[in-house]
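The values are calculated or read from the model by the stated rules, or taken from the named source; none is laboratory data. Just so it is clear, the model here is predicted, and its values are computed rather than measured. Virtual Cβ from ideal backbone geometry, glycine too; neighbours counted across all protein chains shown.
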Amino acid sequence: EAGVAQSPRYKIIEKRQSVAFWCNPISGHATLYWYQQILGQGPKLLIQFQNNGVVDDSQLPKDRFSAERLKGVDSTLKIQPAKLEDSAVYLCASSPPGLAVQETQYFGPGTRLLVL
Amino acid sequence: AQSVTQPDIHITVSEGASLELRCNYSYGATPYLFWYVQSPGQGLQLLLKYFSGDTLVQGIKGFEAEFKRSQSSFNLRKPSVHWSDAAEYFCAVGATDSWGKLQFGAGTQVVVTP
């Protein structure tokens, strides 16, 4: 079974530029999560999708971050414009259908973003 | 709101020695508790999880954790550490009304020496 795929693996941009990350979850997984992991901290949930609907985006900085999951499969997270403090690893995770909190979340390898 | 504290930022352990990683949580009801491991350049992998029932939970790679409600703790243990256990370990808590949202601790970095 293929795992969660993410691309690119690394990205270096200058502040005020835009950047997009892509995630393809495990086949059949209805729930998709985007996390931000700043160096020295645990992952922080940015947004959670159930199929193509948003379940929780309370911690997404909506003035600069956006995310979509148009067909309920893969997802894109965008930052525009980027700030220095956005330097982090962006993790995508997915989980099977079911009671969300009990389901195991499977994580991709992440995209490491450096904003200069 | 739930929260998780991992008191130890960094632990060094000798190969073959035992390992215990501490995790304390704050949550009003019975929490859902998880331990994840992150190797360099990798995503997080679930080691074990606790929802209810037996308070001693067995996981993968020889790890176990014990839920102690009176101490609000969910410590992770391994009797004999292997060099491949060097990684960062995260404790996380979820709530029944959270739709799967997990609150992660800051992590504990484990270094294994020969």
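Screening A:Glu14 on (1) of a type in the set (Asp, Glu); (2) farther than 16 Å from A:Leu84 by Cα; (3) at pLDDT 90 or above shows it passes everything except condition (2). Could you tell me whether any residue of the range B:84-96 is within 14 Å of another protein chain (Cβ to nearest Cβ), in contact with a Phe, Trp or Tyr (Cβ under 6 Å, 6 or more places away or on another chain) and part of a loop (DSSP other than H, G, I, E, B)? Among the residues of the range B:84-96, not one is within 14 Å of another protein chain (Cβ to nearest Cβ), in contact with a Phe, Trp or Tyr (Cβ under 6 Å, 6 or more places away or on another chain) and part of a loop (DSSP other than H, G, I, E, B), which makes the answer no. How many residues are more than 13 Å from chain A (Cβ to nearest Cβ), surrounded by fewer than 16 Cβ atoms within 10 Å (Cβ to Cβ) and either under 15 Å from B:Phe90 (Cα atoms) or of a type in the set (S, T, N, Q) (or both) when one looks only at the range B:16-60? Within the range B:16-60, residues that are more than 13 Å from chain A (Cβ to nearest Cβ), surrounded by fewer than 16 Cβ atoms within 10 Å (Cβ to Cβ) and either under 15 Å from B:Phe90 (Cα atoms) or of a type in the set (S, T, N, Q) (or both) number 5. Just a yes or no: is a residue in the range A:58-73 at the interface with chain B (Cβ under 8 Å from one of its Cβ atoms) and either aliphatic (A, V, I, L, M) or under 25 Å from B:Ser3 (Cβ atoms) (or both)? Within the range A:58-73 (the criterion being at the interface with chain B (Cβ under 8 Å from one of its Cβ atoms) and either aliphatic (A, V, I, L, M) or under 25 Å from B:Ser3 (Cβ atoms) (or both)), the answer is no, since none of the residues qualifies.
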